[in-house]
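Accompanying notes for the structure given below.
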Ligand code: HH2
């Protein structure tokens, strides 16, 4: 899947942030679908904690994600699973930056996204060649993040989260979850824009599993169109999450691949174009069949 038909991103080499400003356009704006392969350089992520903690193993994993069909490799150094603890900023950078460097040395054509809410980590990753920022706090976690992203001219994922990882799954409650998440994302897109982020660089994400019951997650996935209608590319991050296990009975996160694929295909059908997944091949093949049916 040289997936979205826009080949321009493959030609853009690593450059200092200032020169990267919108030169490539936003490779996430196409009709999609686009897969973000997940690379957690952590010891405690909910489904793969410790698997890729070693930088060599992580960089190799990034290549596998790319070879399986991910357009973007999303590198994170801190777990945001329910109940997780924060890692010191320096430690987060120490985990992420060498992996970004090593991976891009081997595969300079790759698109790397950095999963962080901290401006210093994001800045260091961008300087190492990353070209997308994935901020699960939607620019609320660090007052310097909006300016950094605006200056870099790079795409930024703005995700909804109710509360914070440590406590977010303690009885989350909404009046109307779809309306509240949609309104929050619209407001964060306005905030980003006011801070100088180009509208074409904004990506929205309902934040599946972030301060949500299984019912909230299902409502958001069913009514994803309400978020798609805001006019920005929408990313779905449901991969291997617990609500899938609550339906299928798969206790082990790695056993939730088939359920994840359902969220990807139905998400695509409802207008989402970006999917953050651990199991790239399974999701890519399902999307290829979905696309073939769509265009038959
Ligand atoms: N989910 C996780 C982490 N980052 N980013 C976005 N934009 N959307 C998501 O849904 C999302 C995200 C959590 O999943 P994972 O990275 O697999 O686990 P952990 O946070 O335990 O490392």
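Tabulated data for the structure shown
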quantity	calculated
Rg to Rh, two decimals, where segment 38-135 supplies the alpha carbon set and Rh follows Kirkwood	0.93
Alpha-carbon spread of the chain, three principal axes, descending order, Å	44, 43, 37
Mean-position separation - Cα centroids, segment 105-144 and segment 37-68, in angstrom	16 Å
GNM top mover of 116, 213, 264 - the chain, alpha-carbon springs below 10 Å	213
Residue exposure sequence - 278, 191, 223 - by fewest surrounding Cβ within 10 Å	191, 223, 278
Likely footprinting exposure, 84, 79, fewest C-beta neighbours within 10 Å first	84, 79
Relative exposure of 168, 159, judged by other C-beta atoms within 10 Å (fewest first)	168, 159
Cα-based Kirkwood hydrodynamic radius, segment 120-234, one decimal, Å	14.5 Å
The chain, helix-only ellipticity at 222 nm - DSSP H runs n ≥ 4, -39,500 (n - 2.57), divided by all residues, nearest 500	-12000 deg cm²/dmol
Over the chain, relative contact order from alpha-carbon pairs under 8 Å, at least 6 apart, %	18 percent
Contact order relative to length of segment 76-159, as percent, for alpha carbon pairs under 8 angstrom and 6 or more apart	25 percent
Quotient of Cα Rg and 2.2 N^0.38 Å for segment 170-283, N being how many residues it contains	1.08
Choice from 128, 253, 119 with maximal GNM fluctuation in the chain (Cα, 10 Å cutoff)	253
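Laboratory data are not the source of any read-out in this text; all were calculated from the coordinates shown. Remember, predicted model here, so these are calculated numbers, not experimental data. Reconstructed Cβ throughout: ideal geometry from the backbone, glycine too, with neighbour counts over all protein chains shown.
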